[in-house]
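Please read the structure below before turning to the comments.
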Amino acid sequence: MNSYPVHYRTADGRRTAEVTETTITVFEGCKTIATVPATAHHHEYPGSVWEVINEAPAPAAAEPLAPVTATIATRHPKSGLSIGYRVTVDTVERAELISEAGVSAGLAARLTIQAGPGQRPVTIMASRLIGEGVWYSDAMTERGGRVHYSRGFGNRQGGPRRLLADFGDVLSICAYDVPGLVEDAEPGQPLKLAKVKAKRKAKAAAKA
């Protein structure tokens with residue numbers, strides 16, 4: 001007699017499943033993509049669990065964000081000077097990174113900032129992890145190839161660079177414009193991503 005829960009993992013490691021006496025929960029990475037009833041058939045024939053795992057639909061990709069351009073004036077925290085910027089947000093999307101340090105999950109954004117017509121624009125890769133109330137700059141590059149700094153997505157070690165609050169507000173607004181991306185992205189509040197909802201295929205349901 002099995003002791004529950006029982007765990008399954010595909011050969012490539014991308015999908016796993018946890019089987020209890022009553023449910024089969026399928027994961028893709030850290031995301032739950034299906035939860036279905038476990039029946040006597042599943043417990044008696046483990047191969048039927050693999051069918052559920054393989055047939056669970058992949059998470060629906062969020063619709064891409066159309067580039068957004070805004071002109072904002074912000075006060076630089078070090079100099080105290082008020083500076084006007086032209087900000088173009090290219091992407092804001094869900095991101096996940098699995099490393100030796102663990103799993104980093106949240107939002108990743110790419111934006112271009114130009115201080116004035118005579119200034120070279122810089123491109124920033126920014127991130128905001130689940131539970132964080134602010135955005136951080138992970139990398140900054142200048143047109144022409146100059147790299148100001150570069151670190152991995154969500155890397156908060158060694159003095160992370162906090163993005164100016166006005167830039168972060170623009171990114172949070174853009175995040176709300178992507179359907180099904182965030183549940184709560186208010187500035188200063190812990191980031192909550194929208195839950196990924198998936199339906200079991202009719203074929204898999206018929207085998208229950």
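The values are calculated or read from the model by the stated rules, or taken from the named source; none is laboratory data. Treat the numbers as computed from the prediction; the structure is a model and nothing was measured. Reconstructed Cβ throughout: ideal geometry from the backbone, glycine too, with neighbour counts over all protein chains shown. What goes into the accessible areas is simple: the full protein's heavy atoms, side chains included, and nothing from ligands, DNA or RNA. Shrake-Rupley method; radii C 1.70, N 1.55, O 1.52, S 1.80 Å.
Being at pLDDT below 90 and more than 12 Å from the chain's Cα centre (by Cα) is the filter here; which residues of region 188-208 pass it?
First pass over region 188-208, keeping only residues at pLDDT below 90: 194-208.
Within region 188-208, K197, A198, K199, R200, K201, A202, K203, A204, A205, A206, K207, A208 meet the criteria.
Starting from region 68-88, keep only residues that are within 18 Å of P117 (Cα to Cα) and open to solvent by 60 Å² or more (accessible area, probe 1.4 Å), then list their pairs with residues that are assigned to a loop (DSSP other than H, G, I, E, B) and at pLDDT 75 or above whose Cβ atoms are within a distance under 9 Å, requiring at least 6 positions of separation or different chains. What qualifies is R86/A115; R86/P121. Kindly provide the set of residues from region 37-49 that are modelled with pLDDT of 90 or more, outside any loop (DSSP other than H, G, I, E, B) and buried (at least 16 other Cβ atoms within 10 Å of the Cβ), ordered by number. Those that are modelled with pLDDT of 90 or more, outside any loop (DSSP other than H, G, I, E, B) and buried (at least 16 other Cβ atoms within 10 Å of the Cβ): H42, S48, V49. From the list Y136, Y149, the lone residue that is free of Cβ contacts under 8 Å to residues at least 24 places away in the same chain and of a type outside the set (K, R) is Y149.
For region 10-21, the candidate set comprises residues that are open to solvent by 40 Å² or more (accessible area, probe 1.4 Å) and within 26 Å of A194 (Cβ to Cβ); within that set, the residue that is modelled with the highest pLDDT is E18. Taken over region 127-144, residues that are of a type in the set (A, V, I, L, M, F, W, C) and out of contact with any Gly (no Cβ under 8 Å at 6 or more places or on another chain) amount to 2. If the condition is being touching a Leu at 6+ places or on another chain (Cβ under 7 Å) and without any contact (Cβ under 8 Å) to a residue 60 or more places away in the chain, then region 102-132 contributes S104, I124, A126, S127, E132. Based on this model, can you work out whether E63 counts as outside any helix (DSSP H, G or I), open to solvent by 40 Å² or more (accessible area, probe 1.4 Å), at pLDDT below 90 and in contact with a Phe, Trp or Tyr (Cβ under 8 Å, 6 or more places away or on another chain)? No. Considering only residues in region 137-175 that are exposed (fewer than 15 other Cβ atoms within 10 Å of the Cβ) and of a type in the set (S, T, Y), the one that is nearest to T74 (Cα to Cα) turns out to be Y149.
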